[in-house]
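A short worksheet on the structure shown next.
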Ligand SMILES: NC(=O)c1ccc[n+]([C@@H]2O[C@H](COP(=O)([O-])OP(=O)(O)OC[C@H]3O[C@@H](n4cnc5c(N)ncnc54)[C@H](OP(=O)(O)O)[C@@H]3O)[C@@H](O)[C@H]2O)c1
C-alpha cells in the first residue's frame, strides 16, 4: 500500500535497540526506510536476537538519551529526518521508585529525555514536515502502585505529546503517540517469566494474549503515514482492550 511505503524516508528510533522500539525499527526497514536506532550498549554486537534485538539492516548508535548534553551534541549521519520515534524507557522495581534517586532516574529517562530528543530534532522534522511519535504506556492513565515514577513519567509523555502537537503543528510536524499495554519484552519479564503473574495479567486483557512489538509497530506506521495526516496530539492505546472493563 503506497501510504505505508517508506522508501526514501529516514527514520530514527530512540530505544530501537530492543523490544518494542526494535520491532518498530524493523517494521520501517521492511517498508523501505533507512532506519537509525539508539541504545545504551557500546556496540551493535552487544545485542542478540535471543534477547529481542535484531539490529540487522539498522544503523546503530550508542547514546544515553538521558544525557542532555550528549543529545544536544549529537551530529546525525543523516541530512534529513522524516520520522522520529521516542521509545526509550526504563522502570525500577523493589520500591526503588519510592526513593528520590530511583524516582528521578526513571523520570530522566522516560520524560526528560523525550523532551531533549524532541528539541534536538525539531529543526530536521520541520524541514521534512515530518512525524514525531512517542511511546508512553497505559500506566500513564492510572495508578501503578509499585511504580510512581514510571506512571508519572508516562502521564507526562501523554501530556507532552498533546502540547508539542499543538505547538509544532504550525511547523508542519505531526506529534502523536502510542500507549502500549503489556508487551513481551525484557522490560516485562518480571511478569511474563512467572506463570502465575502472567496468568493474572492475561485474565485482565480481553484479547487474552500479550502484545507483540509488531502489534505496536502497526499503530506507529499508521501514525507516521499520510493515512494519519490530520491526526494531531493523540495517544493511541494499543493494549488488547486492557482497562476497557470497569
Ligand atoms: N513492554 C511493555 O509491556 C510496555 C508497556 C507500555 C510501555 N512500554 C514502553 O515501551 C518502550 C520500550 O520498552 P520495551 O518494553 O521494548 O523494553 P526494552 O526492550 O527494555 O526497550 C527499552 C529501550 O529503551 C532503551 N533505553 C533505555 N534507557 C535508555 C537511555 N537512557 N538512552 C537511550 N535508550 C535507552 C533501551 O536501550 P538498551 O536496551 O540499549 O538499554 C531499549 O532500546 C518503553 O518506553 C516502555 O516504557 C512498554
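Where a number appears in this text, it was derived from the coordinates with a stated rule and is not lab data. Nothing here was measured: the structure is a model prediction, and the numbers come from that model. Cβ: placed from backbone, ideal geometry, glycine included. Neighbour counts: every protein chain shown.
What is the helix-to-structure angle for 213-224, meaning the angle in degrees between its Cα long axis and the longest Cα principal axis of the chain, kept from 0 to 90 and rounded to the nearest 10?
It works out to around 40 degrees.
Any chance you could give the angle, 0 to 90 degrees and rounded to 10, that helix 113-128 forms with the longest Cα principal axis of the chain?
30 degrees
Given the chain, what percent of its DSSP beta bridges are antiparallel, to the nearest 5?
In the chain, DSSP labels about 0 percent of beta bridges as antiparallel.
Identify which of 46, 67, 34 has the largest mean-square fluctuation in a Gaussian network model of the chain, with springs joining Cα atoms closer than 10 Å.
Highest fluctuation of the listed residues: 46.
Quick one: length gained pulling residue 94 to residue 170 fully straight, 0.36 nm per residue minus the C-alpha distance?
Working it through step by step, the gained length comes to 23.0 nm.
If you find the alpha carbon centre of segment 59-83 and of segment 189-219, how far apart are they in angstrom?
31 Å
Just to confirm the number: angle between the C-alpha axis of helix 19-30 and the first principal axis of the chain, 0 to 90 degrees, nearest 10?
Here the helix axis deviates by roughly 30 degrees.
Please find, in a Gaussian network model of the chain (springs between Cα atoms separated by less than 10 Å), the residue of 236, 164, 202 whose mean-square fluctuation is greatest.
In this elastic network of the chain, the residue with the biggest mean-square fluctuation among 236, 164, 202 is 202.
Output the relative contact order of segment 168-246, whole-number percent, from Cα pairs under 8 angstrom with separation of 6+ residues.
It comes to 49 percent, rounded to a whole number.
Pop the C-beta distance of residue 163 and residue 244 into the FRET formula with R0 = 35 Å and round what comes out to the nearest 0.05.
Efficiency computed from Cβ-Cβ geometry: 0.85.
Suppose each label sits 7 Å from its Cα in the direction of the beta carbon; what would the residue 145-residue 79 distance come out to in nanometres?
So the label points at residue 145 and residue 79 sit 5.7 nm apart.
Once you have a ≥ b ≥ c as the square roots of the Cα gyration tensor eigenvalues for segment 75-234, tell me rounded if a/c is under 1.5, and otherwise prolate or oblate according to whether a/b is larger than b/c.
In terms of gyration-tensor shape, prolate.
Rounded to the nearest 500, what is the 222 nm mean residue ellipticity of the chain from helices alone, with -39500 (n - 2.57) per DSSP H run of 4+ residues and division by all residues?
Details: 8 runs with 88 residues, N = 246.
It comes out at -11000 deg cm²/dmol, rounded to the nearest 500.
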